[in-house]
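The values are calculated or read from the model by the stated rules, or taken from the named source; none is laboratory data. Everything quoted here is computed from the prediction, not taken from an experiment. Heads up, the Cβs are rebuilt from the backbone with ideal geometry, glycines too, and the neighbour counts pull from every protein chain shown. Keep in mind that these areas ignore ligands, DNA and RNA; they rest on the heavy atoms of the full protein, side chains included. Shrake-Rupley method; radii C 1.70, N 1.55, O 1.52, S 1.80 Å.
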Amino acid sequence: MPEFRARLAQSGSAERLVFEAVLSKLAAAGWARPGGRQRTDSTHMLAAVRTLQRLELVGEAVRAALEAIAASFPNWLLSWAPGDWFTRYGPRVDAYRLPREEHERTTLALIFGHDGFQLLEQAWTASTPATIRALPAVQALRRIWIQQFYRAEGQLWWRDAKEHGRPPAALALVSPYDTDARYRVKRSQGWTGYTAQLSENCDEDRPHLITYVGTGPATEDDVETTPRVHDTLEQRGLLPAEHFADTAY
């Protein structure tokens with residue numbers, strides 16, 4: 001039995017298979033049926049990453065890219081990387097060790113920015129193996145740098161919302177290790193990750209049963225997912241006659 005449970009866990013589909021089987025049994029018994037009322041709501045689901053401040057994000061993005069390259073192409077990295085990078089990006093970038101004064105933080109952000117651009121330029125030279133720039137950490141670095149820095153006429157700026165623009169929350173990367181995670185605040189609860197969405201029937205004359213479970217972007221409102229929920233419920237033969245969804249006020 002332990003080996004069987006381990007195989008189910010590793011498959012990544014065990015929860016879905018069990019849920020579908022139970023729901024089918026409930027439908028066959030008449031407890032779950034189409035029509036009636038359905039309601040959908042969601043709760044926060046944390047990503048398996050640290051919540052990073054903006055300065056931490058850019059520093060850790062450089063470190064993550066260097067770590068990924070060093071693991072696969074150490075000789076290429078050693079052939080050109082400045083020696084002080086191995087000290088600057090050795091330990092994890094942590095807010096505890098970062099400067100507190102605003103001008104010092106801006107100065108450090110620009111240092112990270114110059115280092116990141118230097119790494120990206122080296123990765124995109126014609127002589128560099130394409131597999132280096134295809135590394136997920138390098139691709140994450142490129143996307144984060146587009147969002148966090150602005151460069152023109154030889155000058156580099158730490159992006160400001162008023163002067164250079166910042167990405168909306170739905171697009172803003174918050175971690176170099178999970179590029180799908182987003183930051184959101186809902187009902188004074190802030191989190192980095194996703195939303196876990198649940199639907200249940202809510203008629204008074206029958207048990208309240210969960211009929212849909214899904215995971216979506218943290219910034220996606222429940223009402224935006226109604227077509228997706230309906231498609232799934234229709235496939236299960238459980239499409240409601242009336243559906244209540246959170247419109248995020």
Pseudo-spin-label distance E200 to A28, built 7 Å along Cα→Cβ, given in nm, is 2.5
Packing-based order for 37-49, 74-86, using average beta carbon neighbours within 10 Å, highest first: 37-49, 74-86
Whole-Å semi-axes of segment 4-147's equivalent ellipsoid, largest first, each the root of 5 times a Cα gyration tensor eigenvalue? 45, 22, 14
Projecting each Cα onto the charge dipole of segment 115-249 (Lys/Arg +1, Asp/Glu -1 at the beta carbon, about the Cα centre), which of T131, P217, P167 comes out farthest on the positive side? T131
About the Cα centre, and with charges only on the beta carbon of Lys, Arg (+1) and Asp, Glu (-1), how big is the dipole of segment 142-249? Nearest 20 debye, please. 820
Alpha-carbon centroid distance for the pair segment 160-222 / segment 12-89, whole angstrom: 13
Taking segment 110-231, the equivalent ellipsoid from its C-alpha gyration tensor has semi-axes in Å, biggest first, of 41, 18, 10
Only one of the values (i) 46; (ii) 38; (iii) 20 was calculated from this structure for percent of Cα pairs over 30 Å apart; name its label. (i)
Accessible area of H243, 1.4 Å probe, to the nearest 10 Å²? 50
Per-residue [θ]222 nm for the chain (sum of -39500 (n - 2.57) over DSSP H runs n ≥ 4, rounded to 500): -12500 deg cm²/dmol
Please list the equivalent ellipsoid semi-axes of segment 62-144, computed as the square roots of five times the alpha-carbon gyration tensor eigenvalues, in descending order and whole angstrom. 24, 13, 12
